[in-house]
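The values are calculated or read from the model by the stated rules, or taken from the named source; none is laboratory data. Since this is a predicted model, take the numbers as computed values, not measurements. Counting neighbours? That spans all protein chains shown, and the Cβs are built from the backbone with ideal geometry, glycine included. Areas reflect the complete protein model, heavy atoms only, side chains present, ligands, DNA and RNA absent. Shrake-Rupley method; radii C 1.70, N 1.55, O 1.52, S 1.80 Å.
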Amino acid sequence: MTPPRVADAVVERLRAHGTRLVYSVAGESYLDVLDALYDARASLRLVTCRHEAAAANMAEATAKLTGRPGVALVTRGPGLTHASIGIHTAQQDGTPMVLFVGEIPRADRYRRAFQEVNLAQTLGDLAKGVLQIDSAARAPELVDRAFQLAMADRPGPVVVGLPEDVLGEPCPTPVLAPAAPAIGGIDAATIALIVERLESAHRPLLWVGGSLWTQAGIDALVRFAEHWELPVVTSFRRKDHFPNHHPCYAGELGFGTSRALAGRIRDADLVLALGAALGDVETGSYQWLERTAMRSRLIHVRADATTLSAVFPAALAVHAPPEATALALAATARHAGRSAPRWQEWTRSAHLDQAALVAPVAVSGAVNLAEVFRTLRAALPDDAIVSNGAGNYAAWLHRFFEHRAFHTQLAPGSGAMGYGVPAAIAAKLVHPGREVVAVAGDGCFLMASQELATAAALGLRIVFLIVNNASYGTIRMHQEERFPGRTIGTDLRNPDFVALAQAYGLGAWRVTATAGFAPALAAARAHEGPALIELVTAVEDIAPGRRLGAPGAA
Ligand SMILES: Cc1ncc(C[n+]2csc(CCOP(=O)(O)OP(=O)(O)O)c2C)c(N)n1
Ligand SMILES: [Mg+2]
């Protein structure tokens, strides 16, 4: 038997950290790692992707669903630069990820060698950390360090450089259990302070966001919210962090937020933000909340101190894990007897406003996306996972598709196009027993359509829903607002999506009227392999309740 190499040690550490899926596009820079993965193939699945952007997005989506760092493996210059969009999404969304990059040999550095890239310089602002395995003896330590860093405080992407010449060097492969991640708690005095503030509030609001929640944490949130009858809002693209049909649910903060909900977060006299970063997207470009008002109204709980109370100074800034806080708050609720709160009507009307938003709206075209996403909701089981990327089609999805269960939404907080297709593939690999639907605009889809080959090769039963309005509709909408009638750069001439899907070996259907969607969906869900449905929509129906060229928003 050949002695273990650095490549074997890297793979051994991946297994030790519980990695089950590695996404890659092969490169000659890391042949030893591929060879080590060959030995490990029974327990570690290497997923062959068709583009590094997709591989990185799949790793990011895997982490969102598992709560552990997603792992991708790409080659130097061209591979890393392709993968960078996934690094960016992981950074924006606070998702733990470890991206391994095969590199040029150490001796060739700084000579502008073929495909050379200086990782630390290139990724300065994108990655949470960059590590280079320059010494064989330290390979296991550095892989462990990458996983630890990816998970610590605010989770994020860590990039690990693997110089080609190190990978074949001998290295003992320690069979060591990784150190348990350090997860802090919250002290009873702080919990008592939070409860005290709540007791004196008139219009409180619970705001849930951030990353790495678990089912236990979400259950605790529900118990806590129920006990206090609190209205609950979720951060942008975290709609699955509270059951949307629950009488406490008040809506999602983001691009499609109603005026009523924006008013509520402004009017709340106590905002209890658990995990949420309170970013520009959720606060109407920081306009809905007032910095001075928040100084007396905000309780901000974040696991990392750098983003805690950062833009809006809080009355109480709590440096603690949001999940532990939710569990502790739920525990106090269990012991406290309490009569109906004075804000009952505030909570009730917040939920009624939210529920009213899900009612269908009229459109001018033959396919009504409001009806489509309501039909999709009615057809799918509660635990089905729905992914999307960026585009106005997502505004329809987010508004009309109610998430009833945790971990049923995969969407980039970064607003990256091309995410939905790879994310759906990752979801199906993580949860083979659950139904998965990817939703993509025509623009968004063609940034990742090559991954239909991956879905087909793996025989994954995913339904891809393509919303074809022959436009980069979102940008067209902004264009019409600022430069009416001067459309440029946004009209799209698309391929025949049904023929394209069929060429990849998918079952495919085209829907040109709302009534055609339900039967097409039934056929696609019953199809043995991946399936695609093209929805032909009118670009005029640019957003729910809003026509292109007509003033006014929903
Ligand atoms: C990778 C990337 N490139 C560009 C953008 C800017 N952008 C945001 S939405 C959008 C158009 C999306 O088009 P489509 O997927 O067809 O959705 P639609 O808005 O038409 O519903 C563009 C170009 C982006 N968010 N991400
Ligand atoms: Mg479009």
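Brief remarks follow.
- A simple spin-label model places the labels of residue 364 and residue 267 3.4 nm from each other, with each point 7 Å out along Cα-to-Cβ.
- Descending Cα extents along the principal axes, the stretch 406-543, whole Å: 48, 31, 26
- Accessible surface of the chain, 1.4 Å probe, proportion on carbon and sulfur as whole %: 54
- Accessible area, probe 1.4 Å, largest first, for residues 128, 428: 128, 428
- Heavy atoms of residue 444: accessible area, 1.4 Å probe, square angstrom to 10: 10
- Rg over Rh [alpha-carbon atoms, Kirkwood Rh] for the stretch 81-141: 0.98
- Taking a straight Cα-Cα cut-off under 24 Å and skipping sequence neighbours fewer than 8 places away in the same chain, the lysines within cross-link reach of residue 128 are 64.
- Point-charge dipole on Cβ atoms (K/R +1, D/E -1) for the chain, about Cα centre, debye to 20: 840
- Amide H contacts of residue 97: 70, 156, 158, each under 5 Å away and 5 or more positions distant or on a separate chain (H built 1.01 Å from N in the peptide plane; Pro and chain starts excluded).
- Gain on full stretching of the segment that runs from residue 512 to residue 41 - 0.36 nm per residue minus C-alpha separation: 165.1 nm
- Kirkwood radius and radius of gyration were both taken over the C-alpha atoms of the stretch 367-424, and their ratio Rg/Rh is 0.95.
- Here the scattering of the stretch 161-296 is modelled by Debye summation over its C-alpha atoms, one equal scatterer each and no solvent; at q = 0.10 Å⁻¹ the log10 of I(q)/I(0) is -0.45.
- Where the chain is the region considered: accessible area per residue in Å², 1.4 Å probe: 40
- Using distinct alpha-carbon pairs, which all enter the 1/r mean, Kirkwood radius of the stretch 40-115 in Å: 13.2
- Based on DSSP H segments of at least four residues, each scored -39500 (n - 2.57), the chain has a per-residue ellipticity at 222 nm of -11000 deg cm²/dmol.
- Convex hull projection area averaged over all views, the chain, Cα basis, nm²: 26.3
- Pairs of Cα atoms farther than 19 Å apart, the stretch 173-233, %: 49
- Per the Debye calculation on the stretch 249-398 with a single equal scatterer at every Cα and no solvent contribution, log₁₀ I(q)/I(0) for q = 0.17 Å⁻¹ amounts to -1.20.
- Two-site FRET efficiency, residue 175 against residue 122, from Cβ-Cβ distance with R₀ of 25 Å, rounded to 0.05: 0.15
- Kirkwood hydrodynamic radius over Cα pairs of the stretch 297-367, then Stokes diffusion coefficient at 20 °C and 1.002 mPa s, in µm²/s: 133
- Averaging 1/r over every pair of different alpha carbons in the stretch 42-201 and inverting the result gives a Kirkwood radius of 17.2 Å.
- Over the stretch 135-195, all Cα pairs binned in 5 Å intervals from 0 give whole-percent P(r) values of 3, 14, 19, 15, 14, 10, 7, 5, 4, 4, 3, 1, listed from short to long.
- Dividing the convex hull volume of the alpha-carbon atoms in the stretch 25-73 by its residue count gives 77 Å³ per residue.
- Efficiency of FRET from Cβ geometry, residue 20 and residue 199, R₀ 41 Å, rounded to 0.05: 0.35
- Additional length obtainable on full extension of the chain from residue 528 to residue 478, 0.36 nm per residue less Cα span: 13.9 nm
- The H on the amide N of residue 439, modeled in the peptide plane, is under 5 Å from the matching H of 387, 388, 465, each at least 5 residues off or on a different chain.
- The Rg/Rh ratio of the stretch 458-523, with Rg taken over Cα atoms and Rh as the Kirkwood radius over Cα pairs, comes to 1.10.
- Spherically averaged projected area of the stretch 117-222 from its Cα convex hull (nm²): 10.6
- DSSP-assigned coil residues among trypsin sites (Lys or Arg not before Pro) in the stretch 339-418, each with at most 13 further Cβ atoms within 10 Å: 342
- One equal scatterer on each Cα of the stretch 1-129, no solvent, Debye formula: the resulting log10 I(q)/I(0) at q = 0.11, 0.14, 0.19, 0.22 Å⁻¹ is -0.37, -0.60, -1.08, -1.37.
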